[in-house]
Amino acid sequence: MSYPTCLFCKIVGGTIPATIVHQDDHVIAFEDINPQAPTHVLVIPRTHIASLDTLGDGDHETVGRVLHRAAEIARSRGLMPDGYRVVLNCGPAAGQTVYHIHAHLLGGRGFGWPPG
Ligand code: AMP
Ligand code: ZN
């Protein structure tokens with residue numbers, strides 16, 4: 001499913017450019033336009049899911065693929081054994097701004113806890 005007004009659906013459809021670092025039948029990964037770390041990649045499903053809050057029973061495999069791809073990209077960039085962070089913001093209090101589910105892969109520096 002694709003939403004014509006969704007920014008990330010437009011990246012999936014190729015009508016908005018992005019620096020794509022991986023794509024397959026299920027997921028696309030691209031560089032965040034406003035990187036918060038030396039590695040800041042967004043991993044998204046091709047299909048439109050608004051957020052974790054709207055996940056359905058049929059979406060489990062899709063989200064698993066998103067997280068697995070984040071780990072594969074982290075490995076390919078040598079982010080282990082130092083480590084990295086994967087973030088899914090859900091809703092306004094968490095700072096979600098794009099309502100097409102995405103995992104932020106952040107790495108290449110240290111991260112504090114608790115997050116801001
Ligand atoms: P969130 O705040 O969790 O919804 O994250 C949305 C992310 O999308 C932010 O980190 C933005 O910098 C990023 N972003 C917005 N527009 C684009 C774009 N056209 N290409 C790549 N990343 C984008
Ligand atoms: Zn979308």
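The values are calculated or read from the model by the stated rules, or taken from the named source; none is laboratory data. Quick caveat, the model's predicted, so the values are computed rather than measured. Cβ atoms come from the backbone with ideal geometry, glycine included; neighbour counts cover every protein chain shown.
So the values come out like this:
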{"item": "Complete set of residues in the range 92-116 that are under 23 Å from M1 (Cβ atoms) and either among the polar types (S, T, N, Q) or in a loop (DSSP other than H, G, I, E, B) (or both)", "result": "Q96, T97, V98, Y99, H100, I101, H102"}
{"item": "Residues satisfying the stated conditions in the range 52-86, i.e. β-branched (V, I, T) and either surrounded by 15 or more Cβ atoms within 10 Å (Cβ to Cβ) or in a loop (DSSP other than H, G, I, E, B) (or both)", "result": "T62, V63, V66, I73, V86"}
{"item": "Residue match in the range 59-82 (condition: touching a helix residue (DSSP H, G or I) at 6+ places or on another chain (Cβ under 8 Å) and without any contact (Cβ under 8 Å) to a residue 12 or more places away in the chain)", "result": "yes"}
{"item": "Matching residues in the range 27-43 - criterion: being under 14 Å from H102 (Cα atoms) and surrounded by 15 or more Cβ atoms within 10 Å (Cβ to Cβ)", "result": "V27, I28, A29, F30, D32, H40, V41, L42, V43"}
{"item": "Out of P4, P38, P17, sole residue that is of a type outside the set (S, T, N, Q), modelled with pLDDT of 95 or more and more than 10 Å from ligand 1 (Cβ to nearest atom)", "result": "P38"}
{"item": "Whichever residue in the range 1-23 is in contact (Cβ under 8 Å) with a residue 40 or more places away in the chain and out of contact with any Phe, Trp or Tyr (no Cβ under 8 Å at 6 or more places or on another chain) and, among such residues, is surrounded by the fewest Cβ atoms within 10 Å (Cβ to Cβ)", "result": "M1"}
{"item": "Single condition P35 does not satisfy, out of (1) more than 17 Å from N89 (Cα to Cα); (2) without any contact (Cβ under 8 Å) to a residue 40 or more places away in the chain", "result": "(1)"}
